[in-house]
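*Asks:* The structure under discussion is supplied below as structure tokens; questions concerning it will follow.
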Amino acid sequence: MTVEPEVRTERDGRVGVITLNRPNKLNAYTPDMGDELVDAFRTFAAEPDVDAILLTGNGRAFCVGADRAFLSGERGRNGLLIGEEHFIDGFVSELFAIDTPIIAAVNGPAVGIGATMLLALDMRIASVSANFGFPFAKLGLMPGMGSTALLPAIVGLSRAKDILLSGATLTSVQALEAGLVSRIYDDAELQDAALELAYMVANNDGPAMVASKRVLSGQLAPALEKAIKGEQREARKLAHSRAAQTSSLTK
């Protein structure tokens, strides 16, 4: 039986389009989706005639966070538990360093990892119906993917603390006001607008864009690496604390 890919890739001329493809699950994230995202980004980044990459979601959501079944211990087809796959475990540094400009077209709710995966990208635009959820504090989880460095770099330290410590969900208008996205569009117009923006970027001088991106990203790279290590360390502490609490309750 043919398994539907969880990430769909296609070329639109000089633009590589990556689409999260679990619309019946609101594109909830799985370890297999993570592996397919790594492959998709690496493939397009290596193609010399791809001058922009566009990431979006299929259906009415961008990504509503991790699939609950996998949070409960289900393994992906790749045999991995969620968090063991490279997309979560370490890919963000590579993603942040890709020379090709990457644009996200957020077509609906982006929650948890659906929100944090956006932060390493170069440009984010959204539909009016999109929202951005950072519920980690409410769920007892450590935000990951370098978000503790990337989010402050995008919206400022004070606003980032407000968002992460309150477990906030931002509407598209609030995200625009915060600088998390640069443009919002009517739902029906988003995909056309995203491709138009991707072609505007792709038509610029490639070497000049790469040079600018390298310098811009390079300023944050050391802080990103430090944040990734800190997030992983604190996540382990939280996991150990939860395990100890559970053990004490069962004695």
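The values are calculated or read from the model by the stated rules, or taken from the named source; none is laboratory data. Note that this is a predicted model, so its numbers are computed, not measured. As a convention, Cβ positions derive from the backbone with ideal geometry for all residues, glycine included, and neighbour counts pool all protein chains shown.
*Asks:* Please tell me if residue 123 is under 24 Å from residue 64 (Cβ atoms) and surrounded by 17 or more Cβ atoms within 10 Å (Cβ to Cβ).
*Replies:* Judged against the criteria, residue 123 is a match.
*Asks:* Okay, next question. Only helices (runs of 4 or more DSSP H) wholly contained in region 118-216 count here; list those with 3 or more residues that are in contact with a strand residue (DSSP E or B) (Cβ under 8 Å, 6 or more places away or on another chain).
*Replies:* 172-178, 190-202
*Asks:* Hey, another quick one. Can you tell me which residue among 118, 141 is aliphatic (A, V, I, L, M), surrounded by 15 or more Cβ atoms within 10 Å (Cβ to Cβ) and at pLDDT 95 or above?
*Replies:* Exactly one of 118, 141 is aliphatic (A, V, I, L, M), surrounded by 15 or more Cβ atoms within 10 Å (Cβ to Cβ) and at pLDDT 95 or above, namely 118.
*Asks:* For residues that are closer than 24 Å to residue 242 by Cβ, in contact with a strand residue (DSSP E or B) (Cβ under 8 Å, 6 or more places away or on another chain) and not in a loop (DSSP other than H, G, I, E, B), tally how many sit in region 91-117.
*Replies:* Of the residues in that region, 4 qualify.
*Asks:* A further question follows. Taking the criterion of being hydroxyl-bearing (Ser, Thr, Tyr), buried (at least 16 other Cβ atoms within 10 Å of the Cβ) and modelled with pLDDT of 95 or more, would at least one residue in region 192-205 satisfy it?
*Replies:* yes
*Asks:* Check residue 39 against each of (1) under 26 Å from residue 181 (Cβ atoms); (2) not in a loop (DSSP other than H, G, I, E, B) and name the one condition it does not meet.
*Replies:* Going through (1) under 26 Å from residue 181 (Cβ atoms); (2) not in a loop (DSSP other than H, G, I, E, B) one by one, residue 39 breaks only (1).
*Asks:* Of the residues 82, 88, only one is assigned to a loop (DSSP other than H, G, I, E, B), within 17 Å of the chain's Cα centre (by Cα), buried (at least 20 other Cβ atoms within 10 Å of the Cβ) and at pLDDT below 95; which?
*Replies:* Just a single option satisfies the conditions, and that option is 82.
*Asks:* Now a separate question. List the pairs whose first member sits in region 191-210 and is within 11 Å of residue 15 (Cβ to Cβ), whose second member is modelled with pLDDT of 95 or more and basic (Lys, Arg), and whose Cβ atoms are under 6 Å apart, counting only residues at least 6 apart or on separate chains?
*Replies:* 202/14
*Asks:* What pairs come up if the first residue lies in region 81-99 and is acidic (Asp, Glu), the second is not in a helix (DSSP H, G or I), and their beta carbons are under 8 Å apart, counting only those six or more places apart or on different chains?
*Replies:* Final answer for the pair search is 85/76; 85/78; 89/83.
*Asks:* Can you find a residue that is within 17 Å of the chain's Cα centre (by Cα), under 26 Å from residue 44 (Cα atoms) and surrounded by 14 or more Cβ atoms within 10 Å (Cβ to Cβ) anywhere in region 159-176?
*Replies:* No, region 159-176 contains no residue that is within 17 Å of the chain's Cα centre (by Cα), under 26 Å from residue 44 (Cα atoms) and surrounded by 14 or more Cβ atoms within 10 Å (Cβ to Cβ).
*Asks:* Then there is this: Using the structure shown, decide if residue 243 is of a type in the set (A, V, I, L, M, F, W, C) and modelled with pLDDT of 95 or more.
*Replies:* No, not satisfied.
*Asks:* Output the residue which, of all residues in region 47-71 that are buried (at least 20 other Cβ atoms within 10 Å of the Cβ), within 19 Å of residue 16 (Cβ to Cβ) and not hydrophobic (A, V, I, L, M, F, W, C), is farthest from the chain's Cα centre (by Cα).
*Replies:* 51
*Asks:* Kindly list the number of the only condition in (1) more than 13 Å from the chain's Cα centre (by Cα); (2) closer than 20 Å to residue 59 by Cα; (3) not hydroxyl-bearing (Ser, Thr, Tyr) that fails for residue 105.
*Replies:* Here residue 105 clears every test but (1).
*Asks:* Something else: Look at region 1-18 and say how many of its residues are within 22 Å of residue 80 (Cα to Cα) and crowded, with 22+ Cβ neighbours inside 10 Å.
*Replies:* Selection size over region 1-18: 2.
*Asks:* Can I ask one more? Provide a single number: the residues in region 61-79 that are under 15 Å from residue 141 (Cβ atoms) and assigned to a strand (DSSP E or B).
*Replies:* 1
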